Structures are given as structure tokens and as C-alpha cells.
Amino acid sequence: MMCRTRKGEEERLYEGKLEWIKETIKLSKYLINQPAANRNK
């Protein structure tokens, strides 16, 4: 039983990390694209 709840918690943590990574990638892409967009003006 302990094992199962711990595994569930780890999965939740992992999903949270994936969400955080997705947001970080989105943000970094946005930041990387900003200077390029400004240069092209």
C-alpha cells in the first residue's frame, strides 16, 4: 500500500515537472524569438 501511494506521488511530481519543462521551453522560445523579431524590423 505504501509503495502504491508513493508511486502515485512520484507520477504526480513527474507530471508537474513535465508541465514546468513545457512552460520553460515556451518561455525560452519566446525570449529567443524576441531579439530576432526586433532585429528584423
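If you check every pair at least six apart or on different chains, which have Cβ atoms under 8 Å apart with a residue in segment 10-31 that is in contact (Cβ under 8 Å) with a residue 12 or more places away in the chain first and a residue that is exposed (fewer than 10 other Cβ atoms within 10 Å of the Cβ) second? So the pair list comes out empty. Every condition in (1) assigned to a loop (DSSP other than H, G, I, E, B); (2) modelled with pLDDT of 80 or more is met by THR24 except one, and the failing one is (1).
The values are calculated or read from the model by the stated rules, or taken from the named source; none is laboratory data. A quick note: this is a predicted structure, and the numbers were derived from the prediction, not measured. Neighbour counts are summed over all protein chains in view; Cβ atoms, including those assigned to glycine, are modelled from backbone coordinates with ideal geometry.
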